[in-house]
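The values are calculated or read from the model by the stated rules, or taken from the named source; none is laboratory data. Just so you know, these numbers come straight off a predicted model, no measurement behind them. Here the Cβ positions follow ideal geometry from the backbone for every residue, glycine too, while neighbour counts run over all protein chains shown. These area figures cover heavy atoms from the full protein model, side chains too; ligands, DNA and RNA do not enter into them. Shrake-Rupley method; radii C 1.70, N 1.55, O 1.52, S 1.80 Å.
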Amino acid sequence: MKLFMFLLAWAFALLGSSLASAAIVEYTFKVQTTTVNRLCNKRVIVTVNGQFPGPNINVSEGDTVVVHLLNEGPYNITIHWHGVLQLFTAWADGPEYVTQCPISPGNNYTYTFNATRQEGTLWWHAHASVLRATVHGAFIIQPRSGRFPFPKPYKQVPIILGDWYDANNVVDIETQALATGGSPNISSAFTINGLPGDLFSCSQNQKFTMSVTQGKTYMLRMINAALNNHLFFKIANHTFTVVAMDAAYTDHYVTNIIVIAPGQTIDALFTADQPLGSYYMAASPYIVGVPVFDNTTTRGVVVYDNAPPSSSQPLMPTLPPFGDTETAHKFYSNITGKVGAPHWIPVPTTVDEHMFSSSMNNESFVLPIGRGFSMLEAFFKNVSGVYTADFPDNPPVTFDFANPSISFDPNLLFAPKSTKVKKLKFNSTVEVVFQNTAILGVQNHPMHVHGFSFHVLAQGFGNFNSTTDSTKFNLVNPQLRNTIAVPVGGWAVIRFQANNPGVWFVHCHIEDHVPWGLNMAFEVENGPTSSTSLPPPPSDLPKC
């Protein structure tokens, strides 16, 4: 009996300590224009707090996050906390006209939400126009206990891969593309933590440098913030151990290369186990089916402490060819989830809703601009005329989706404009087949689902075959992600439980495709109680 009482008291003490460790973490984000020097030119860009990339948010699991956003810039703005589940806090998710109306210049809004049931690296970025090109930063959720399911790394280092547009105004690039119907201008350089590296003019001193101590292990918290490109990443003569993706722990995966899609995050350990010296870290694009693209390489440098002067010329890694789909697919598909890790979610076995999505089933999504409400506010207030709940479960016609010969078939190119959602019952299980097509050329599409992490059951090439390909489903330890790179000329199957009421955006995270309608949304009904329903909107919610 005494032993039982002791164990009970110990358990309550641990619980109390855990609850007491949760905190309210506050940040102030001032959106403003800032002049920076890149590629021999001074450019005026939109930033948060004058920083490019923006400030890192660092919290512990269970914390409440409060971000006061002051829009001192010239454009409407919203911020999306990419990958944060936003459990019952959909008002803070951020995509303009979906969960909120934009914050206009001179106005403010406070985002309040909890960082719960997740650990690892996520990120935040603007979700209005193409402002996320410069308005973004890391969002890091530390384990509340301070312990990882692997030996604690010596240091944690955010590595934000981005791109740079050598133009006076990145917004003008999108405006021009929409006016002409063409693709936006390509980026001028890729960047590591905002710096293009020493392969560009005027950039010898604009490369990211990481100092390391021989024998120590570091965690790279990697983010692909580039608007349009998947990226290969290597460090000369070093290997990585991938331990998490999209803030979900994975089985350890050892590799000498990382492949990361726009919107994705990866936590990778690397040990400084080479001779004292300097070693380039470098990133270049993985791209297929696009005739014109940014074919440059960005690089930073890893410098060992006490490296001799004779090693000042860093070693350069060999990067794959731009179209190396074999390397990309091996990385994207071979990693598995870590069963039993903190916040692991077993795969739901019973499916309530089956969807097959090919080019968004011939529906070209448009934001409900000018309709007086965001989609979420219309959902909460039961306002009609903002969107309809009839997004189709299947494409209107079946064809040879992955065959390049259909690239410019006029019978397949037209898609009517609409603002449609798929309605889901609370707690229902949803399975979606994302089928890539060759319409307008084959590409790898990174599909991002707001408000949920999903299991990636399988991915492959060609047309999905429900009879044969369903036998490949991993129902034991699949990846748990929020952004899936749907293979070029192929498909991916995801599954999740709709346990988060609200309206949740689903879109390709290649910026080229967002204004062109490769999007939709889920409307998840309220749960049976007030605690499982969407709460009222904040008092300072922006108006349309």
Equivalent ellipsoid dimensions for segment 353-532 as semi-axes, Å, which come from the Cα gyration tensor, largest first: 27, 22, 13
message: Can you tell me what share of the DSSP beta bridges in segment 353-532 is antiparallel? A percent to the nearest 5 is fine.
response: 70
task: Using only protein heavy atoms and a 1.4 Å probe, report how much of D324 is accessible, in Å² to the nearest 10.
output: 30
query: Which whole-number percentage describes the relative contact order of segment 24-142, with Cα contacts under 8 Å and a sequence gap of 6 or more?
result: 31
- prompt: Roughly how many Å is it from the Cα centre of segment 303-342 to that of segment 80-159, as a whole number?
  reply: 25
field: Solvent-accessible area per residue for segment 384-434 (1.4 angstrom probe, square angstrom)
entry: 54
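In what sequence, largest accessible area first, do F373, F148, F190 appear using a 1.4 Å probe? Before the final figure, lay out each step's value.
Details: F373 55, F148 30, F190 0 Å².
Sorted by accessible area, descending: F373, F148, F190.
Expressed as a fraction of 2.2 N^0.38 Å, the rule-of-thumb size for a compact globular protein of N residues, what is the C-alpha radius of gyration of segment 24-142? If you can, show how the numbers build up before the last one.
On the way: Rg = 14.0 Å, N = 119, 2.2 N^0.38 = 13.5 Å.
That ratio works out to 1.04.
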field: Antiparallel DSSP beta bridges within segment 155-334, as percent of all bridges there, nearest 5
entry: 75
message: Suppose accessible area is computed on protein heavy atoms with a 1.4 Å probe; arrange S129, S530 from highest to lowest.
response: S530, S129
- prompt: Could you give me the ³J(HN,Hα) list for segment 187-195, computed from phi with Karplus coefficients 6.51, -1.76, 1.60 and θ = phi - 60°, whole Hz, x at Gly and Pro?
  reply: 5, 8, 6, 8, 9, 10, 6, x, 10
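Please compute the per residue accessible area over segment 24-142 with all protein chains in place, 1.4 Å probe, rounded to a whole number of Å². Walk me through the numbers on the way to the answer.
Details: 3420 Å² over 119 residues.
Result: 29 Å² of accessible area for each residue.
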task: With a 4.7 Å Cβ cut-off, tell me which Cys residues in the chain come up empty for a partner.
output: C508
task: Taking the Cα centre of segment 155-334 as origin, sum charge times position over the Cβ atoms of Lys and Arg (+1) and Asp and Glu (-1), and report the length of that vector in debye to the nearest 20.
output: 400
statement: By the mean-Cβ-within-10 Å protection proxy, highest first, 336-342, 22-28 rank as 336-342, 22-28
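Could you tell me what percent of the accessible area of the chain is made up of carbon and sulfur, with a 1.4 Å probe and every protein chain present?
54
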task: Could you order Y75, Y280 by accessible surface area, starting with the largest, using a probe radius of 1.4 Å?
output: Y75, Y280
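Once you've got the Cα coordinates, tell me which of K330/K472; K381/K422; K30/K423; K42/K543; K42/K216; K152/K338 are over 27 Å apart. Mind showing how you got there, number by number?
Values: K330/K472 16 Å; K381/K422 18 Å; K30/K423 36 Å; K42/K543 35 Å; K42/K216 38 Å; K152/K338 17 Å.
From K330/K472; K381/K422; K30/K423; K42/K543; K42/K216; K152/K338, over 27 Å: K30/K423; K42/K543; K42/K216.
Can you give the % of DSSP beta bridges in the chain that are antiparallel, to the nearest 5? Each step should come with its number before you reach the end.
On the way: 94 of 132 bridges.
If we restrict to bridges inside the chain, about 70 percent are antiparallel.
Less than 15 Å Cβ to Cβ from T112, Lys/Arg counted +1 and Asp/Glu -1: what total charge do the surrounding residues give?
Details: positive: none; negative: E26, D63, D93, D540.
Net charge in that neighbourhood comes out at -4.
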field: Average accessible area per residue (Å²) across segment 155-334 - probe 1.4 Å, nucleic acids and ligands excluded
entry: 37
Dipole in debye (nearest 20) - the chain, about Cα centre, beta carbon charges: Lys, Arg +1; Asp, Glu -1: 1020
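Mind putting a number on the dipole of segment 24-142 about its Cα centre? Charges go on the C-beta only, +1 for Lys and Arg and -1 for Asp and Glu, and I need it in Debye to the nearest 20.
Computed charge dipole of segment 24-142: roughly 520 debye.
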message: At 222 nm, what value in deg cm²/dmol follows for the chain if DSSP H runs of at least 4 each add -39500 (n - 2.57) and the sum is divided by all its residues, to the nearest 500?
response: -3000 deg cm²/dmol
